[in-house]
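Notes follow the structure.
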Amino acid sequence: MTKPYLKPLALAVSLALTLTACGKQESAEQAAPAKSSSAPAAASTVAAAPVAKKSPFDVSELDTGINACQDFNGFVNSKWVAANPIPEDRTRWGAFDQLAETSLNTQHDIVDAAAKGAAQAQAGSIEQKIGMFYQAGMNEDAIEKAGFDPIKPKLDAIAALKNGADVADYITKAYAEGDGQVFSFSSGADFKHADMQIAYANQSGLGLPTKDYYTDAKYKDIRDAYVAHIAKALQLTGVSEADAKTQADDVLKFETQLAAASLSPVEERDPKNQYHFVSVKEADKVTPHFNWEKFFSAQGVTVDKGFSLSQPKFFAEFDKLLASTPAATWQAYLRFHTIDDASPYLSKAFQDSKFDFYGKTLAGQPQQKPRWKRVLGTLNGGTGMGEALGQLYVAKVFKPEAKDRAQELVDNVRNALKARIEKLDWMSPATKEKAIAKWNTFLPKIGYPDKWRDWSGLNISGDNYYGDVMAAAKFNYDYDIAKVGKPTDRKEWGMTPQTVNAYYNPTDNTINFPAAILQPPFFDAAADDAINYGGIGAVIGHEASHGFDDEGSQFDGAGNQENWWTKDDRTKFDGRTDKLVQQFNDYAPIKDKPDAHVNGKLTLGENIADLGGMNVAYDALQTALSKTPGSTEQKVEGYTPDQRFFLNWARVWRGHVREKQALLSLNTDPHAPASLRAIGAPSNMEAFAAAFQCKPGDAMVRPADKQVKIW
């Protein structure tokens, strides 16, 4: 499970994660099939400076009929967007997706070879286990024949529940099997003592994207479709049509009560709402009908002083529902979510039913992904062997030289960030000293883990897909919660090497760059500095700037939630970020939907990181160029280094998205739409206006009093 406080560069287009039913983080391939394509892409190898076969930036893609100072995203990306329609099995298509497709095809080659060689592979090796897992997932005949038999024992157990005490026991036992319901439970660094891991219980349990979907009139059609989806899922397991309709209505009412006590996405971003340390006895007072000591004992977790019951209001409502809700309603709720969670691993009718709601209705995706992509997505997720596959991926495509080259860029960009902090005119020396102290403790991690996970305790049968998925789920759950009470390992990764993304983690103060993102358009060993600093350089700066965004700035260099600001400096910081909130609130990115605005508070952290990342990457580029006299004006294919820097930044964010997915993302995604990320940060930078000779009044030139300057 990816921790909620990780800060990915682009969660919405990450191959690894997406928000799905029950509020869980699941594999994008298994639950929200909106992020893959049938279009083939050659596997890519990151290596030391190969001979470039084509320009690292194709200027023929630029639409010179569009004024860069008026519509920079259109200038850079409109021709590409027009020539590259969204594949039918996706909800978006762009630079991230293309690179993810390349990674996916490489992974496909690996798992296909592993499956074919599983019988001859060394017993217990990751090659054998990956091959057998993939074999089981691709055996459609066996899966179809099994129907929903794999979950009948769980459905029978749910049918036997008679009261709230039975429900509490069921949830406890299900969690011990790695199959949690209602809330989420995992390990994580203690916000106050980040060198140690504690247990975290967090709100979850909803099948709709956010709490607003349960009450807002504009989502009535989605609610109606959700109820129909619940009823259909129940009917697929033999529940009569009339009973299924009654149970579906009960599930919606139940979740509406749970939603009322849940935080909104904006509220969830606040670290103050992510951590609430209590003793076990104090937790039992919040939930007198749910015994936490009994729960921890069943999980095999020893809690010393306590754990984080992160959203007390949610858990109080959970307890209230245990005490007051009829057993029949609890049965309907648990029955549906058991079916829905298992649907990707059951027969076609279940897979199609889930896709019809989460893929088509919510996200507007016309077609389901090919089977191999869905199975590969499961293999990559929390119910699979993602890091093990990453070990094989790295061996196949990632060369040691790439790590060295990336490390050089990381060092240069980090040094630029330090210099900017030291020169800030709005921050006092006292706060600067603390900021530099935090900067000094950054830990960059590049490519892949120094030490790979041991998978020797995981048993894969190869002939029971659901069974193998559940075995992996329990294995990964046990691995995670075994960390409780142990020291935090800063060198552990929260993303697999094959993931096209990057992230910052405030509780260990690390910036992380998986192998798969260290490829064009982000990183190209054959490209000029301007291209690389506008790509991976800005990504590095983005992740480093997360350490000083509205959330990261609440943590010190040791990863503790600690105020290291003077009161006056914090007020100045908030004033500057408020301007950035307003900038993005003003954007209405969906054509014909003028009332659908970006949520500036939800996207604030990412927008701060984009702006900070661009500024420090630009400074790092200038330092690199200064080492070669005359290079600052030396044009490549008609464009100066400064221009190419901004051109590649915009190219990274090129793409387009289906309307339903765009609306869903505005409500749930902490990242602004890609088209706006292409222009948001540059419009606040004087360097952009100078590079393209823009004039006051141009759309890409904000007046001086409207420009945001933070880091």
State whether one or more residues within region 247-262 are of a type outside the set (Phe, Trp, Tyr), without any contact (Cβ under 8 Å) to a residue 12 or more places away in the chain and in a loop (DSSP other than H, G, I, E, B).
no
Kindly indicate whether Phe355 is in a helix (DSSP H, G or I) and more than 21 Å from Glu101 (Cα to Cα).
no
Among the residues of region 270-295, what is the count of those that are more than 16 Å from Gly306 (Cβ to Cβ) and either out of contact with any helix residue (DSSP H, G or I) (no Cβ under 7 Å at 6 or more places or on another chain) or of a type in the set (Asp, Glu) (or both)?
2
Which one of these does Ala115 not meet: (1) at pLDDT below 95; (2) assigned to a helix (DSSP H, G or I)?
(1)
Among (1) closer than 18 Å to Asp71 by Cβ; (2) free of Cβ contacts under 8 Å to residues at least 40 places away in the same chain - the single one Met700 does not satisfy
(2)
Test set (1) at positive phi; (2) in a helix (DSSP H, G or I) - Gly238 fails condition number
(2)
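Table: residues versus (1) assigned by TED's automatic domain parsing to the domain that holds Ala678; (2) in contact with a Pro (Cβ under 9 Å, 6 or more places away or on another chain); (3) in a helix (DSSP H, G or I); (4) buried (at least 23 other Cβ atoms within 10 Å of the Cβ).
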position: Ile590; (1), (2), (3), (4): yes, yes, no, no
position: Ala596; (1), (2), (3), (4): yes, yes, no, no
position: Asn599; (1), (2), (3), (4): yes, yes, no, no
position: Glu606; (1), (2), (3), (4): yes, yes, yes, yes
position: Asp610; (1), (2), (3), (4): yes, no, yes, yes
position: Asn615; (1), (2), (3), (4): yes, no, yes, yes
position: Thr623; (1), (2), (3), (4): yes, no, yes, no
position: Asn648; (1), (2), (3), (4): yes, yes, yes, yes
position: Arg651; (1), (2), (3), (4): yes, yes, yes, yes
Of the conditions (1) farther than 30 Å from Thr566 by Cα; (2) in contact (Cβ under 8 Å) with a residue 40 or more places away in the chain, Trp426 clears all except one; give me its number.
(1)
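This table checks each residue for (1) farther than 27 Å from Arg658 by Cβ; (2) crowded, with 24+ Cβ neighbours inside 10 Å.
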site	(1), (2)
Asn291	yes, no
Gln299	yes, no
Asp319	yes, no
Thr325	yes, no
Thr338	yes, no
Ala349	no, no
Ser353	no, no
Tyr358	no, yes
Gly364	no, no
Single match in Lys432, Lys438, Lys486 (criterion: over 24 Å from Tyr393 (Cβ atoms) and touching a Leu at 6+ places or on another chain (Cβ under 8 Å))
Lys432
Quick one: would you say Leu417 is part of a helix (DSSP H, G or I) and over 21 Å from Ile540 (Cα atoms)?
no
Do the conditions hold for Lys285, that is, is it outside the structural domain of Ala174 (by TED's automatic domain parsing), of a type in the set (Lys, Arg) and modelled with pLDDT of 95 or more?
no
Determine which single condition Val266 fails, assuming it passes every other condition in (1) part of a loop (DSSP other than H, G, I, E, B); (2) of a type in the set (A, V, I, L, M); (3) at pLDDT 95 or above.
(1)
Among the candidates Met470, Met427, residue that is buried (at least 16 other Cβ atoms within 10 Å of the Cβ) and assigned to a loop (DSSP other than H, G, I, E, B)
Met427
Sole residue being among the small types (Gly, Ala, Ser), in a helix (DSSP H, G or I), over 19 Å from Arg677 (Cα atoms) and at pLDDT 95 or above, chosen from Ser553, Ser545
Ser553
If the requirement is being basic (Lys, Arg) and over 21 Å from the mean Cα position of the chain (by Cα), which of these qualifies: Lys445, Lys474, Lys491?
Lys474
Count of residues meeting criterion [closer than 14 Å to Ile679 by Cα and over 26 Å from the mean Cα position of the chain (by Cα)] in region 602-644
1
Within region 186-203, considering residues that are hydrophobic (A, V, I, L, M, F, W, C) and not in a loop (DSSP other than H, G, I, E, B), the one surrounded by the fewest Cβ atoms within 10 Å (Cβ to Cβ)
Met196
How do the strands (runs of 3 or more DSSP E) wholly within region 1-100 filter down when requiring 2 or more residues that are surrounded by fewer than 20 Cβ atoms within 10 Å (Cβ to Cβ), touching an Asp or Glu at 6+ places or on another chain (Cβ under 8 Å) and modelled with pLDDT under 50: which remain?
none
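The values are calculated or read from the model by the stated rules, or taken from the named source; none is laboratory data. Everything numeric in this text was worked out from a predicted model, so none of it was measured. Positions of Cβ are backbone-derived with ideal geometry, glycine not excepted, and every protein chain shown enters the neighbour counts.
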